[in-house]
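Enquirer: The structure is given below, and queries will be raised subsequently.
The values are calculated or read from the model by the stated rules, or taken from the named source; none is laboratory data. Because the structure is a prediction, the values reported are computed rather than measured. All Cβ positions, even for glycine, are placed from backbone atoms using ideal geometry, and neighbour counts span all protein chains on display. With ligands, DNA and RNA removed, areas are computed over all heavy atoms of the protein, side chains included. Shrake-Rupley method; radii C 1.70, N 1.55, O 1.52, S 1.80 Å.
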Amino acid sequence: MRKAVKGDFSLGFNTTELPAAKAGAKAWLEGTEALRRRFNAAGGDIGKLESWAVPQHHSQLRVSKAGRDAWVRETLPLLDRAKYFNEDGSAMSDAQLVDFLGQAWTTIATGGVNKMTPGQVTGTGARANRGSESRQIHFAGPDEYLAYQAKFGERDLYSVMVGHVGGIAKDIAMVETLGPNPNHAYRLMRDTMLQAESMADPKKSGKFEEQAVSLDNLYNYVAGRTQPIASERMAQAFDTLRNWLIASRLGSAFVTSFSDEATLHLTARLNNLPELQLVANQLSTLNPANRGELRMARRAGLALDTMLGELNRFGNEHLGNTASSRVANTVMRLSGLNAITDARRRAFGVTMMDTIGALTREVDSVKALDSTDWRILKSKGITEQDWQVWRMAKTEDWDGRNTTMLTPEAIARVPDAKIAAAFPDANPTQIREEAITKLLGTVMEEVDMAVIQPGARERAMMGAGLQRGTLKGELTRSFFLFKSFPIAMIMRHWERAIGAMPTTAGKAGYIAALMASTTVLGMASMQVNELLNGRDPKNMNPFDGKSGVKNWGAALLKGGSLGIYGDFLFSESTQHGGGPLAAVQGPVFSLFEDAIGLTQGNLVQMAQGKDTNFGAELVRFVKSNTPGANLWYAKAALDHLVFHQLQEMMSPGYLGRIQSRARREFGQEWWWTPGEVIPDRAPNFAAGVGQ
């Protein structure tokens, strides 16, 4: 290790020993510089700092807790004194720097409230000017920067870098779409439409106002205009609780994700993608030895979600890289859910890019695309200019199967001269960037349909307008934990069925295909879970009494309407007596119900002279809230070797009562008797057809 000089790409590492670090740092700086230039090209104003390497991050809580004097005292030695001088060119004195840092501390500690003028109506200012404010805290080098981040930041370096890219990308999108002051542009359009609708039908003015408020929440979320966290401790506490529940309750989510195959192939058919090629691509992505495909997919922007390791699919946008989020992500990786989800998304994205590339070789213009076969593609706002730039790109051959890949890099390689010859009055760089953006936007929007991920609309609906760190805000987010997937299913596929299908028959066919396929796969995942829990399959014969119909209803909810949430609603804890009200309210409320039942419920049973089963229920409570204990491939062994033994030891006869209840209320037998180390017999698959 050596201390790098200012502006060194290595950020403190000897680049002669770590050439990959030097290459990575160079790519980072080139990428962020490209983002800065694109933002400025759209009308922004971010100056270039020659010594800039990585963005800064300040934890408002840590800075404020340190106190003004202590923060100034610890920050002052870390600064690059050569960056601080007076108007006459003389170096700033220690006293001047202490005064400057004191003002900086006030701004950071108060979240900028100190700059507010009481009584004055203010906005956020032109977004195009965001980033032009003086970035005044200059560290002497990477060691000083990292020392500051360790003490007064709350995110690791990777999270800070990813957050910077996400933030400036959002700013670019806002400015390019709505102009240099998108907030004012949005407000103008919003008020104009509200006024027009209310004047046209005054009786519905209240409804229009309500819709406008919902639209405000969505815009604020997309624009990043979130409220400051009221209580960091409360937000972190609830965030930790939700991450803990993800880690302890979703170990079998891999099995529940079978229904993703339904939406994957339904979306492929609607986009006229070759399904055999899609299947082959999915098998290829699942091959752990195929690292080349993964590198190419990441280069094409198709494998970033899993790499970032976010938990947004379950409705929990965590605060930074916390210990609880790492535990949750680890369990998801161990369960195989991240791998299979990434494989499906990459396979769909690769297949669609290859299909679009082939189309650009065959079809001369957007207008020539068949309106039936390619109606979804034509609905993406692709212009004739975009299409012609796509046609100019030389497609890539990835593996002999995907031979016409139209990737962002392929478009980026189109020469300026070629674009200028076709569009002499336009800026080639801008045209090229628009074509790349349209390609990625088109593909990723369909990827999110194929393997459902909640987007801005879904997250805005689930409490984006509520302040973090308040009881109301955190309880609302807790209520929606695990519900983002089913909400996205409704808001994406059901809306597509109703809005995108041109005929009544088309709408009915889409809904029927969606319901049938997800229900069948929901039944498959439900039966696999039964086998993993040591029980014989459930009766699937709809003509054999009530149980068959009931089980298909459960499969409909698990695979089609409730998605991942069904993994909890029909989990083992519900069969063992969890209340349906708490199940609907979500796992956070269910946790509290279980805790109350374990304490108050057992006291009531004791007072009534009933058996409490406290010991066995305590073991079940601990197991259901232990991260990784519910991993689908390990839970049977853990149950029979550990947890069943503890339950029977602490509450003799408890396992027998559980078996009796399963026979009486669910009509099921056990192929692996609870408490037995070795299975008694093979599963009775005939039970699945009512025999």
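Enquirer: Every residue in the stretch 296-318 that is crowded, with 16+ Cβ neighbours inside 10 Å and modelled with pLDDT under 65, please.
Expert: T306, E310, L311, N312, R313, F314, G315, N316, E317, H318
Enquirer: I'd like to know if the stretch 287-295 contains one or more residues that are surrounded by fewer than 16 Cβ atoms within 10 Å (Cβ to Cβ) and at pLDDT 90 or above.
Expert: There is no residue in the stretch 287-295 that is surrounded by fewer than 16 Cβ atoms within 10 Å (Cβ to Cβ) and at pLDDT 90 or above.
Enquirer: Run down M501, M489 and say which single residue is closer than 17 Å to S379 by Cβ, at pLDDT below 85 and either under 21 Å from the mean Cα position of the chain (by Cα) or open to solvent by less than 30 Å² (accessible area, probe 1.4 Å) (or both).
Expert: Exactly one residue qualifies, and that residue is M501.
Enquirer: Look through D386, D397, D425, D416 and report the one residue that is within 25 Å of V350 (Cβ to Cβ), open to solvent by 30 Å² or more (accessible area, probe 1.4 Å) and without any contact (Cβ under 8 Å) to a residue 60 or more places away in the chain.
Expert: D397
Enquirer: If I ask for residues that are over 22 Å from G548 (Cα atoms), open to solvent by 60 Å² or more (accessible area, probe 1.4 Å) and either in contact with a Leu (Cβ under 7 Å, 6 or more places away or on another chain) or acidic (D, E) (or both), which ones from the stretch 651-680 would you list?
Expert: Correct list: E676, V677, D680.
A quick yes/no check of all residues on (1) open to solvent by 30 Å² or more (accessible area, probe 1.4 Å); (2) modelled with pLDDT of 90 or more; (3) within 24 Å of the chain's Cα centre (by Cα):
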position: Y186; (1), (2), (3): no, yes, no
position: T192; (1), (2), (3): yes, yes, no
position: E197; (1), (2), (3): yes, yes, no
position: A212; (1), (2), (3): no, yes, no
position: Y221; (1), (2), (3): yes, no, yes
position: I229; (1), (2), (3): yes, no, yes
position: F238; (1), (2), (3): yes, yes, yes
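Enquirer: Hey, another quick one. I need the full set of residues from the stretch 431-458 which are open to solvent by 50 Å² or more (accessible area, probe 1.4 Å) and modelled with pLDDT under 90, in order please.
Expert: Matches in the stretch 431-458: R457 only.
Enquirer: Right, next: In the stretch 64-86, which residues are more than 20 Å from H138 (Cβ to Cβ) and not in a helix (DSSP H, G or I)?
Expert: G67, the sole residue that qualifies.
Enquirer: Now, a different point. Just checking, does the stretch 466-473 include any residue being surrounded by fewer than 17 Cβ atoms within 10 Å (Cβ to Cβ), without any contact (Cβ under 8 Å) to a residue 40 or more places away in the chain and assigned to a helix (DSSP H, G or I)?
Expert: Taking every residue of the stretch 466-473 in turn, at least one turns out to be surrounded by fewer than 17 Cβ atoms within 10 Å (Cβ to Cβ), without any contact (Cβ under 8 Å) to a residue 40 or more places away in the chain and assigned to a helix (DSSP H, G or I).
Enquirer: Now for a separate question. Restricting attention to the stretch 576-599, which residues are assigned to a helix (DSSP H, G or I), under 30 Å from the mean Cα position of the chain (by Cα) and either modelled with pLDDT under 75 or surrounded by 19 or more Cβ atoms within 10 Å (Cβ to Cβ) (or both)?
Expert: Within the stretch 576-599, P580, L581, A582, A583, V584, Q585, P587, V588, S590, L591, D594 qualify.
Enquirer: With respect to T403, is the statement that it is part of a helix (DSSP H, G or I) and of a type outside the set (D, E, K, R) true?
Expert: For T403, the condition - part of a helix (DSSP H, G or I) and of a type outside the set (D, E, K, R) - is not met.
Enquirer: Under the condition of being aliphatic (A, V, I, L, M) and over 24 Å from the mean Cα position of the chain (by Cα), which residue from the stretch 252-278 is farthest from R346 (Cα to Cα)?
Expert: This residue is L270.
Enquirer: Among the residues of the stretch 384-407, what is the count of those that are within 30 Å of the chain's Cα centre (by Cα) and farther than 24 Å from N287 by Cβ?
Expert: Residues in the stretch 384-407 being within 30 Å of the chain's Cα centre (by Cα) and farther than 24 Å from N287 by Cβ: 2 in total.
Enquirer: Please find, among I137, I108, I46, the residue that is in contact with a His (Cβ under 7 Å, 6 or more places away or on another chain) and at pLDDT 75 or above.
Expert: Of I137, I108, I46, the one residue that is in contact with a His (Cβ under 7 Å, 6 or more places away or on another chain) and at pLDDT 75 or above is I108.
Enquirer: So, in the stretch 331-385, exactly how many residues are part of a loop (DSSP other than H, G, I, E, B) and either farther than 30 Å from P428 by Cβ or at pLDDT below 90 (or both)?
Expert: Selection size over the stretch 331-385: 5.
Enquirer: If you don't mind, another one. Go through the stretch 352-368 and report how many residues are open to solvent by less than 10 Å² (accessible area, probe 1.4 Å) and over 15 Å from A393 (Cβ atoms).
Expert: The number of residues fulfilling the criteria is 1.
Enquirer: Right, here's the next one. Considering only the stretch 42-63, how many residues are outside any loop (DSSP other than H, G, I, E, B), of a type outside the set (D, E, K, R) and open to solvent by 60 Å² or more (accessible area, probe 1.4 Å)?
Expert: The qualifying residues number 1.
Enquirer: Check whether at least one residue in the stretch 549-563 is modelled with pLDDT under 85, in contact with a helix residue (DSSP H, G or I) (Cβ under 7 Å, 6 or more places away or on another chain) and not in a helix (DSSP H, G or I), and report yes or no.
Expert: Scanning the stretch 549-563 turns up at least one residue that is modelled with pLDDT under 85, in contact with a helix residue (DSSP H, G or I) (Cβ under 7 Å, 6 or more places away or on another chain) and not in a helix (DSSP H, G or I).
Enquirer: Residues being among the polar types (S, T, N, Q) and under 12 Å from E474 (Cβ atoms): count how many of those fall in the stretch 219-252.
Expert: Of the residues in the stretch 219-252, 3 are among the polar types (S, T, N, Q) and under 12 Å from E474 (Cβ atoms).
A quick yes/no check of all residues on (1) over 26 Å from L250 (Cβ atoms); (2) of a type in the set (S, T, N, Q); (3) in a helix (DSSP H, G or I):
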{"residue": "I498", "(1), (2), (3)": "yes, no, yes"}
{"residue": "M501", "(1), (2), (3)": "yes, no, no"}
{"residue": "A505", "(1), (2), (3)": "yes, no, yes"}
{"residue": "A508", "(1), (2), (3)": "yes, no, yes"}
{"residue": "A513", "(1), (2), (3)": "yes, no, yes"}
{"residue": "T519", "(1), (2), (3)": "no, yes, yes"}
{"residue": "G522", "(1), (2), (3)": "no, no, yes"}
{"residue": "K538", "(1), (2), (3)": "no, no, no"}
{"residue": "P542", "(1), (2), (3)": "yes, no, no"}
